[in-house]
Amino acid sequence: MANFILRKAEPKDVSDILRLIKELAKFEEMEDQVLLTEKDLLDDGFGEHPFYHCVVAEVPNEQQSSEGHTVVGFAMYYFTYDPWIGKLLYLEDFYVMKEYRGYGMGSKILKHLSHTAVKTRCSSMHFIVAEWNKPSIEFYKRRGASDLSSEEGWRLFEIDKQYLVKMSSKE
Amino acid sequence: MNYTVRDSTPGDCKDIMRLIVDLAEYEKMPNEVKLSHKELEADGFSSNPFFKCLVAEVPEEFKSKEGHTIVGYGFYFFTYCTWKGRVVYLEDLYVMPEFRGKGIGKALMSRIAQIGRAQGCVRMQFTVLDWNKPSLDFYSSQGALNLTAAEGWQLLRFEGEALEKLAQSAN
């Protein structure tokens, strides 16, 4: 089995996208952290100024999953900006359902994204990976990715809503 | 000393570029800055901007030794978290050394937090170099969490030849 197509996500795909987001979160051992709803995905991805872009991998009906799904993989990305080199493509989520792995889907998605990055004149494609996720780190390194956390010492930070509110209320 | 924090205009791009280079020098990577102020102008002030930038300005009578009145900047854009939704990403935050200790950095960051909250953002995210103790301390004091340390996230990238090679292998 190797038939699949990659296509731009459409509004009708939001329930499949959310399903796959939750599956990936489960793999990352953080399933209860997914608070996003289908409506959020619809508003944020298909409005006038989308906050993200998404491609999905779809198999024909006769190859649907054990639960009857034909959308079996996705990648979500957006454009960011590096003041030193300009536009970048940021790969936020990238996932293929377990039963569809080993057929080159992941590879094809990554190639498609890198093609998008080059076409839109992005200097680089960035993403984060959990340090314990050895299979993914190897997958990316085999394709030429560099690990900026170990090579340059970058550390990822976040300021959560409660502190944002606190900060924005004192000026 | 008086200062104002305001939205940048296309005319500020030369000053913003000057400060970007200053910050790159502080981060020990001045040769990495390839962008020109013209590209910054094209990418930041079109109908589909790739970034937003606030500047901190002092009155003429407080200008820097070299005669500058734009003395700090906060460079940001919007990204997306598949678990929780909209995120404001703080790409660069910098205040010239002679203007530090007056709350300008905090003011820039607070305004960006406010803008983020107005857009429905659930968090602010950014990276810091692991040796940059003054910044690490400043952000911790504002309630920031080091996700690389706490959750093991590593920042990776595909760029230059690696990106080209990956893209060329797409159909």
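The values are calculated or read from the model by the stated rules, or taken from the named source; none is laboratory data. Computed from a predicted model, the values in this text were never measured in an experiment. No Cβ is skipped: glycine too gets one built from the backbone with ideal geometry, and neighbour counts run over all protein chains shown.
Within the range B:122-145, no residue satisfies the criterion of being more than 17 Å from the chain's Cα centre (by Cα) and buried (at least 20 other Cβ atoms within 10 Å of the Cβ). Just one of the numbered conditions (1) among the basic types (Lys, Arg); (2) over 30 Å from B:Gly67 (Cβ atoms); (3) touching a strand residue (DSSP E or B) at 6+ places or on another chain (Cβ under 8 Å) is not true of B:Arg111: (2). B:Leu90 meets the conditions (1) touching a residue at least 24 places away in the same chain (Cβ under 8 Å); (2) under 15 Å from B:Cys13 (Cβ atoms) in every case but one. The failed one is (2).
Among the conditions (1) closer than 20 Å to A:Tyr90 by Cβ; (2) modelled with pLDDT under 95, the only one that B:Phe75 does not satisfy is (2). Within the range B:129-148, the set of residues being within 7 Å of chain A (Cβ to nearest Cβ) and not β-branched (Val, Ile, Thr) comprises B:Leu129, B:Asp130, B:Trp131, B:Tyr139, B:Gln142, B:Gly143, B:Ala144, B:Leu145, B:Asn146, B:Leu147. More than 7 Å from chain A (Cβ to nearest Cβ) and of a type outside the set (Lys, Arg): does that describe B:Ser110? For B:Ser110, the condition - more than 7 Å from chain A (Cβ to nearest Cβ) and of a type outside the set (Lys, Arg) - is not met.
Among the conditions (1) more than 12 Å from every other protein chain (Cβ to nearest Cβ); (2) crowded, with 16+ Cβ neighbours inside 10 Å; (3) in a helix (DSSP H, G or I), the only one that A:Ser15 does not satisfy is (2). Inclusion of B:Ala118 among residues that are surrounded by fewer than 21 Cβ atoms within 10 Å (Cβ to Cβ), modelled with pLDDT under 85 and not charged (D, E, K, R) is not warranted. The helices (runs of 4 or more DSSP H) falling completely within the range A:46-154 that include 2 or more residues that are more than 10 Å from chain B (Cβ to nearest Cβ) and surrounded by 15 or more Cβ atoms within 10 Å (Cβ to Cβ) map to A:105-119.
If a residue must be in a helix (DSSP H, G or I) and either surrounded by 15 or more Cβ atoms within 10 Å (Cβ to Cβ) or within 9 Å of chain A (Cβ to nearest Cβ) (or both), how many such residues does the range B:31-41 contain? Counting residues in the range B:31-41 that are in a helix (DSSP H, G or I) and either surrounded by 15 or more Cβ atoms within 10 Å (Cβ to Cβ) or within 9 Å of chain A (Cβ to nearest Cβ) (or both) gives 5. When each of B:Phe50, B:Phe75, B:Phe126, B:Phe138 is tested for being part of a helix (DSSP H, G or I) and aromatic (Phe, Trp, Tyr), the lone residue that passes is B:Phe138. Scanning the range B:67-82 for residues that are surrounded by fewer than 23 Cβ atoms within 10 Å (Cβ to Cβ) and more than 11 Å from every other protein chain (Cβ to nearest Cβ) yields B:Gly67, B:His68, B:Thr69, B:Ile70.
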